[in-house]
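Written below as structure tokens is the structure these notes are about.
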Amino acid sequence: MRNDRKKRVLALLLGLTAAASLTACGGTEDTSSINSQASSQNESSVQSEGEEATETDAITFPLEETQTFVFAGVCGADNEHPEDTLYAQKLLENYNVQIEYLSLGSDQESALQKLNVLLGTNDAPDAIMGALAMNETFLAMYAQEGYLMPLNDYLTNPDIMPVFNERVIANNPDLLKGISLPDGNIYSLPYINQVPGTYLESPIWINQTWLDNLGLEVPTTLEELEAVMEAFATQDANGNGDTTDEIPLIACVGSGSEHLEAWLSLWGIATKDGTYENYVYLKDGEVIFVPTTEEYKDYIKTMQKWYENGWLWSEYFTGSSETFKAIQNDTSAAKYGILTAKNPVGPFADQYVAIVPPTVEGYTPSCYVNPAFMSGSKGQFEVTSNCENPELLMAFIDKFYLMENTLEAYNGIANEELKLTLEDGVYETHTLTAEQSAELGSNAFRLYFSNNIPGGILESDYESGKIIM
């Protein structure tokens with residue numbers, strides 16, 4: 001019986017892989033270019049979750065009797081226990097739901113191997129959490145085999161998932177299309193992260209610690225940006241006693257996202273990741289070659305100014321990718337102030353915050369938006385066919401989409417752990433030292449489910465002043 005099931009899985013996987021290959025050859029990813037001056041979104045009407053019970057038609061939290069669900073996820077060791085984190089304990093207190101953790105190993109390969117053995121048996125977990133535990137090919141395969149449950153009816157039922165409906169779907173009705181498989185069903189939940197600036201194809205990151213050390217604000221115009229870079233270049237921004245080791249702006253020739261072309265967006269020319277896609281675009285039905293435009297000429301003059309003033313990394317044209325990475329991973333102190341990248345890396349990555357592109361007089365910024373900004377990063381949570389009470393499980397997971405629950409899953413409990421504070425109804429995240437980050441690693445719930453977990457931080461949360469990053 002087990003061998004027959006393995007053969008069906010293998011045959012299905014081969015078919016899906018072939019289909020994915022044909023799709024990859026025949027199409028390209030569709031991203032939309034929008035003005036970065038995004039319109040404000042309606043504030044959610046969902047009430048914050050607190051100590052008091054929350055009711056649906058059939059489910060009241062906290063439950064009268066403790067309910068335990070087994071969540072499988074990817075982590076570094078089999079003996080780690082996210083159920084012991086303060087966040088999991090708070091979930092138990094607020095909802096009377098206990099999470100039992102099943103480790104799938106430390107990487108996606110080992111996770112998929114374990115899932116191939118577990119799914120379809122009585123040993124399967126109730127749910128799978130974290131994107132590293134699942135990819136789209138296996139998601140489709142497991143769904144077609146019947147090992148995963150369709151979630152459509154739960155997601156669109158405001159009695160079961162009131163937070164998701166009022167806070168997520170109401171904010172973006174098209175989201176469900178973005179997380180559906182070709183069969184029309186939804187088998188996985190998204191993580192939605194609409195932090196201003198991070199939705200760009202190549203987000204702009206600035207070292208908040210450097211700004212704080214020098215008493216500076218996040219720049220919103222080109223003039224303010226250049227004043228910040230000058231301060232970074234001439235003062236001891238990283239606080240190590242040396243005023244000569246700071247690089248205001250770092251970039252790397254040939255990099256997919258950490259390149260100067262990303263700055264073209266300030267002059268109204270949207271760019272995609274990849275250094276060979278940025279010089280042709282369509283405007284009013286006419287194909288435009290970027291280097292022939294006045295916008296590009298103004299951009300080049302500005303880049304020349306940045307280089308001559310010592311604001312741009314002096315080895316931008318000659319430095320190797322290895323040297324670039326060595327600077328990013330320097331353990332003595334943060335050595336660069338600004339870069340464009342999917343995410344900052346290195347021991348001081350937590351010091352960087354994404355910013356909205358500064359404005360240039362006479363121009364309107366134009367940027368490509370990462371599709372995940374609108375529909376979320378899917379593949380963060382799946383319910384298996386072994387779950388005996390999926391309605392209750394989905395009602396519980398619905399609470400993960402409350403703003404405060406998402407914040408605390410990722411940063412620790414407000415005012416009890418180092419990275420998150422709450423004062424007068426406003427949450428604020430804080431930059432941690434390397435030593436503090438190591439301490440947080442044993443407490444943050446999200447770290448046990450590699451990549452992301454279901455939840456949502458909306459742009460409106462920031463616009464309403466509820467969160468300070």
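The values are calculated or read from the model by the stated rules, or taken from the named source; none is laboratory data. Model, not experiment: these values are computed from the prediction. A quick note on method: Cβ atoms are made from the backbone with ideal geometry, for glycine too, and the neighbour counts reach across all protein chains shown.
Matching residues to (1) modelled with pLDDT of 90 or more; (2) hydrophobic (A, V, I, L, M, F, W, C); (3) over 26 Å from ASN405 (Cα atoms):
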{"position": "SER48", "(1), (2), (3)": "no, no, no"}
{"position": "GLU55", "(1), (2), (3)": "no, no, no"}
{"position": "PHE61", "(1), (2), (3)": "yes, yes, no"}
{"position": "VAL97", "(1), (2), (3)": "yes, yes, no"}
{"position": "ALA124", "(1), (2), (3)": "yes, yes, yes"}
Checking GLU408 against (1) touching a strand residue (DSSP E or B) at 6+ places or on another chain (Cβ under 8 Å); (2) of a type in the set (D, E, K, R); (3) crowded, with 23+ Cβ neighbours inside 10 Å; (4) at pLDDT 95 or above, the condition it does not meet: (4)
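Quick test for you: out of GLU145, GLU166, pick the one residue that is closer than 24 Å to ARG446 by Cβ and among the charged types (D, E, K, R).
Details: GLU145 fails: closer than 24 Å to ARG446 by Cβ.
One residue alone meets the criteria, GLU166.
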Residue in the range 104-114 that is in contact (Cβ under 8 Å) with a residue 40 or more places away in the chain, surrounded by 20 or more Cβ atoms within 10 Å (Cβ to Cβ) and in the same structural domain as GLU404 (by TED's automatic domain parsing) present: no
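Criterion first (on the phi < 0 side of the Ramachandran plot and either modelled with pLDDT of 95 or more or surrounded by fewer than 17 Cβ atoms within 10 Å (Cβ to Cβ) (or both)) does TYR281 satisfy it? Reasoning before the result, please.
Values: on the phi < 0 side of the Ramachandran plot: yes; either modelled with pLDDT of 95 or more or surrounded by fewer than 17 Cβ atoms within 10 Å (Cβ to Cβ) (or both): no.
So TYR281 does not fit the description; no.
Residues in the range 139-156: is at least one over 19 Å from LEU393 (Cβ atoms) and surrounded by 20 or more Cβ atoms within 10 Å (Cβ to Cβ)? Even if it seems obvious, please write down each step before you answer.
First, pick out the residues of the range 139-156 that are over 19 Å from LEU393 (Cβ atoms): 140-141, 144-145.
Subset that is surrounded by 20 or more Cβ atoms within 10 Å (Cβ to Cβ): 140-141.
Yes.
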Residues that are in contact with a strand residue (DSSP E or B) (Cβ under 8 Å, 6 or more places away or on another chain) and part of a loop (DSSP other than H, G, I, E, B), drawn from the range 248-270: ILE250, ALA251, SER257, GLU258, HIS259, GLY268, ILE269, ALA270
Single condition GLY268 does not satisfy, out of (1) out of contact with any Asp or Glu (no Cβ under 9 Å at 6 or more places or on another chain); (2) under 19 Å from SER202 (Cβ atoms): (1)
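With respect to ASN240, determine if the residue is more than 26 Å from LYS342 (Cβ to Cβ), in contact (Cβ under 8 Å) with a residue 12 or more places away in the chain and in the same structural domain as PHE324 (by TED's automatic domain parsing).
Details: more than 26 Å from LYS342 (Cβ to Cβ): yes; in contact (Cβ under 8 Å) with a residue 12 or more places away in the chain: yes; in the same structural domain as PHE324 (by TED's automatic domain parsing): yes.
So ASN240 passes the test.
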Answer from VAL383, VAL356, VAL345, VAL369 - the residue that is within 30 Å of LEU312 (Cβ to Cβ) and either free of Cβ contacts under 8 Å to residues at least 60 places away in the same chain or surrounded by 21 or more Cβ atoms within 10 Å (Cβ to Cβ) (or both): VAL345
Cβ-Cβ under 8 Å pairs, at least 6 apart or on other chains, the range 80-101 side outside any helix (DSSP H, G or I), far side surrounded by fewer than 16 Cβ atoms within 10 Å (Cβ to Cβ) and of a type in the set (Val, Ile, Thr): ASN96/THR66; VAL97/THR66; VAL97/THR68; GLN98/THR66; GLN98/THR68; ILE99/THR68; GLU100/THR68
Scope the range 168-192; condition assigned to a loop (DSSP other than H, G, I, E, B) and without any contact (Cβ under 8 Å) to a residue 60 or more places away in the chain; matching residues: PRO173, SER180, LEU181, PRO182, ASP183, GLY184, ASN185, ILE186
Residue ID - surrounded by the fewest Cβ atoms within 10 Å (Cβ to Cβ), chosen from residues in the range 329-342 that are at pLDDT 90 or above and under 22 Å from LYS272 (Cβ atoms): ILE338
Given (1) at pLDDT 95 or above; (2) within 24 Å of the chain's Cα centre (by Cα); (3) surrounded by fewer than 19 Cβ atoms within 10 Å (Cβ to Cβ), number of the condition SER180 does not satisfy: (1)
Count of the range 284-310 residues which are over 17 Å from GLU261 (Cβ atoms) and under 31 Å from the mean Cα position of the chain (by Cα): 0
Which numbered condition ASP398 misses (of (1) charged (D, E, K, R); (2) surrounded by fewer than 22 Cβ atoms within 10 Å (Cβ to Cβ); (3) in contact (Cβ under 8 Å) with a residue 24 or more places away in the chain): (2)
Flag for GLN380 being in contact with a strand residue (DSSP E or B) (Cβ under 6 Å, 6 or more places away or on another chain) and in the same structural domain as GLY310 (by TED's automatic domain parsing): no
Looking only at the range 204-247, and only at residues there that are in a helix (DSSP H, G or I) and among the acidic types (Asp, Glu), the one that is surrounded by the most Cβ atoms within 10 Å (Cβ to Cβ): GLU226
